[in-house]
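Read through the structure below, which is laid out as structure tokens, and then see the notes.
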Amino acid sequence: MSSPSTLQALHHEHERGDGMLRLHCNENPYGPPSGVIASVTKELEGRCATYPDSEATVLRTRLAEHIGVPSDMVAVGNGADELVLLVTLASAGPGQTVVVTESTFPGYAASAAVAGATVRKVALLDNHVPAAGLVAALDGARLVFVCNPHNPTGTALAPAAVEEIITAAERAGAVPVFDEAYMEFAGPGYEHALDAVRAGRRLIVLRTFSKAWGLAALRAGYAVGPADLVAGIQEVRRALPFNVNRLAQQAAVTALESPDHIDEVRERTARERERLCAGLDRLGVAYVPSVTNFVMVKTPGDSARFTARLADEHGILVRDLTFFGRPGQVRVTVGTSEETDLFCEAVGKLLASPTSHASRGHGLGGARDVITVPTPRDAVTPEDLFNGYVGANVVFGLTRLGVWEHLSARPECTLDSLVTATGTDSTGLTAMLRVAALLGYVELRQGDTHTVALTATGRDLVRMKGFFTWGVGGYNDVLRGLSDLATGASVFEGDIDRDGAMVAVGSGEVGREMMLPLEKEVLASLDFGAVADLGCGDATRLLRLCGGDTARRGTGIEINGAACVEAVGKVTEAGLSDRIEIVHGDVLAFSDRTFPGVELVSSFLMMHDLFDATGDPVGVMRTLRRVFPDAKRFLIGDTVAQDWEKREGPLPVFSAGFELVHAFMDTPIMNQSTYENAFAGAGLRVERREPLGAPSTWLWLLTAE
């Protein structure tokens, strides 16, 4: 069973693409030069049954004349995408390193993986390719891919920066590959890399006919470089000789007869780009200035939600940049004047109706008319509130230092042993422990030696310390920025974000202490040969599910690329690669793919995200039944909205914080009845329903009817 790649997900077209305004693929709205379509039609009518020239001799000759190099310095491919793969296969392999920037076209890293090479990533610097960072990463590298102008930020390197990279690569023995798919929009002032090729320097430049030339449907791209490097590309290409079809070759040759077309498209695009940016300025929406035919826009709210609403409510497709590692931003193609006006009008309407999403949720993030939260008679006093805030930070700090772990392992610890074990300053640690003592969690005893011991309440606190890691460690910046988030001065996953690592650590701590025992007990009662885990993270649960049964197989599905890499590593380390597969993708986006044979589907603490993705909980569960047609049982664990109107007693730990931060994350939390109605609507019967440790958190065992 093969895994869907990020590239497949990236190019997966919206199911309602026909009739939609396509501002997601950077297509040229003005089309190809005059005469191209007629020449292609003539070629199709006269030579449809004839194979194309496998060497693309005429096209390579015309390109060489157009660029000003010999024809043996030119290779052509099925778009620049294929040339990225061909260059990598020709020049890198197992044990060799390919350098790429983060947050860019994922084909570079994907091609390196196919070649068996190691990928070394360099972070962008203020939305620009960092020339100095790439230079520093060249040691021992074979290739370095430089997207210039950069996709998706739209920025371009100055000629001096291009020269810096070329010179450093020559010294390091690496080959720089400048992917210039959007260079025609930037203009001749940025074309230093092509000048360097003409001068005999050792680099490769990639160009395409898909963008400014308007031939995206026909797929033709070209590579220019030293003859020996191009010969290597040609050798790999000949494994599949007819890679560029007859119509694409004819279209490209004819297009080259109209060089003025590029100047006209560049000028028209620049005018519309200016109008688009002016419209965004009027709306108060931030963006990155671009030299290309697209603009990277900072979304007002979650970028996936923004993208979905543009498509669903206004029929406009833009590219959510989460796949590029840029959550909170979208890439918008510069279209015609009419298309620009339609896009800006739609964004204005979205900004005017920011609360529509909340109407689907319950709890603290629900719309104003959904729920009334009563004021209890026994209010939390200001003193308790403030001291609780201080105490929460102390609890988190002691967790990070490992103090709770030491205190849990023995009835009593000396203060000196804690100082030594934690590597802390005695004064600072003592002050933190004194606050913990004032709150009733530890007892400080003074005698011949100073000792520390947990109280009964402290032992209960240790069991729940993961909540403090989750809240203080994971959501500190979000909670501190509530006022800016509420006014729109800041955007979640833009300039304010959670610490995903701390959220994961805290969730893991809560899971081990409070959820794992019930999970083990329920799983022990089930008989299954194949299991799928949705949102598998680093595959820890899958390893538990499959490690003890040599006949059991597992599939982990995870949308986060970094988590997938971690999961593959753990599975490999455990020696279970033959029985556990990690799939990178969104389970709700598997329009054609199914996983037959899976008998049990598990999902822990992520169903609210799936429900939010479509706003249709019943539809989500029906999709899961389609994707896993043989699943007999589903094991679902998730936190639901509290029924605050009926709540009695003290405010529970976790619930208020969970619902509050998700309200600002634009992810509505549903109540228990919404979950169970969704299960029933998909033909799933609740076989067991058990409290799952955390407040308002349930574990459902569902049986397919």
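The values are calculated or read from the model by the stated rules, or taken from the named source; none is laboratory data. Since we're looking at a predicted model, the values are computed, not measured. Cβ coordinates were reconstructed from backbone atoms using ideal geometry, including for glycine residues, and neighbour counts include every protein chain displayed. Just the protein is used for accessible areas: all its heavy atoms, side chains included, with ligands, DNA and RNA removed. Shrake-Rupley method; radii C 1.70, N 1.55, O 1.52, S 1.80 Å.
Ranking of 211, 298, 42, 520 by solvent-accessible surface, largest first: 42, 520, 298, 211 (1.4 Å probe, protein heavy atoms only, all chains present).
Amide H contacts of residue 335 (H built 1.01 Å from N, in plane; Pro and chain starts excluded): 340 sit under 5 Å, all sequence-distant by 5 or more or on other chains. Each helix, a run of at least 4 DSSP H residues, gives -39500 (n - 2.57); summed and divided by the residues of the chain, these come to -13000 deg cm²/dmol at 222 nm.
Think of region 548-693 as having a plus end and a minus end, set by charges on the Cβ of Lys, Arg, Asp and Glu; of 613, 631, 562, 631 sits farthest toward the positive end of this dipole. Heavy-atom accessible area for residue 185, with the other protein chains in place and a 1.4 Å probe, reaches approximately 10 Å². Ordered from largest to smallest accessible area (heavy atoms of protein chains, 1.4 Å probe), the residues 364, 157, 247 come out as 364, 247, 157. Our estimate of slack between residue 427 and residue 504, defined as 0.36 nm per intervening residue step minus the Cα-Cα distance, is 24.6 nm. Note on the chain: with charges restricted to the Cβ of Lys and Arg (+1) and Asp and Glu (-1), its dipole about the Cα centre is near 740 debye.
Note on residue 235 and residue 313: the model spin-label points, each 7 Å out from Cα along the C-beta direction, lie 5.7 nm apart.
Peptides 407-415, 521-529, 126-134, ordered by how many other C-beta atoms sit within 10 Å of their residues on average, highest first, read 126-134, 407-415, 521-529.
Across the cross-link table entries 121/465; 121/298; 520/632; 211/298; 211/349; 465/520, which are compared at the Cα atoms, the separations over 27 Å belong to 121/465; 211/349. Spacing of the modelled spin labels on residue 416 and residue 512, each 7 Å from Cα toward Cβ, amounts to 3.0 nm. Within the shell defined by Cβ-Cβ distances under 13 Å, the residues around residue 439 carry a net charge of -3, with Lys and Arg each +1 and Asp and Glu each -1. If the segment from residue 381 to residue 705 were pulled out straight at 0.36 nm per residue, it would be longer than the present Cα-Cα gap by 111.5 nm.
Average accessible surface for region 254-365: 41 Å² per residue, computed with a 1.4 Å probe over protein heavy atoms with every protein chain in place. Carbon-plus-sulfur fraction of the accessible area of the chain, 1.4 Å probe, in percent? Carbon with sulfur: 52 percent of the solvent-accessible area.
Potential lengthening of the chain between residue 158 and residue 170 amounts to 2.4 nm, from the contour at 0.36 nm per residue minus the alpha-carbon distance. Along the axis of the charge dipole computed for the chain (Cβ charges of +1 for Lys and Arg, -1 for Asp and Glu, origin at the Cα centre), the listed residues 594, 188, 105 are led at the positive end by 594. Placing pseudo-labels 7 Å out from each Cα toward the beta carbon at residue 589 and residue 228 gives an inter-label distance of 4.1 nm. In order along region 503-508, the phi-based Karplus estimate (6.51 cos²θ - 1.76 cosθ + 1.60, θ = phi - 60°) of 3J(HN,Hα) comes to 4, 5, 5, x, 4, x Hz; Gly and Pro are listed as x. Under conditions of 20 °C and 1.002 mPa s, region 417-465 yields 188 µm² s⁻¹ as its translational diffusion coefficient, taking Rh as the Kirkwood radius over Cα pairs in the Stokes-Einstein equation.
A dipole drawn for region 471-516 from +1 and -1 charges on Cβ atoms has a positive end, and of 516, 486, 496 the residue lying farthest that way is 516.
Given the alternatives [x] 175; [y] 437; [z] 192, volume of the Cα convex hull per residue in Å³ as computed for this entry is given by [z].
Could you give the distance between the Cα centres of region 610-665 and region 551-592, to the whole Å? A separation of 23 Å, based on Cα centres.
Over region 493-534, accessible surface divided per residue gives 44 Å², non-protein components excluded, 1.4 Å probe. Computed over protein heavy atoms with a 1.4 Å probe, the accessible surface of region 134-191 works out to 27 Å² per residue. Between residue 42 and residue 578, the FRET efficiency from the beta-carbon distance, with R0 = 60 Å, is close to 0.65. Taking a Cβ cut-off of under 13 Å around residue 242, the surrounding Lys, Arg, Asp and Glu residues balance to a net charge of +1, with basic ones at +1 and acidic ones at -1.
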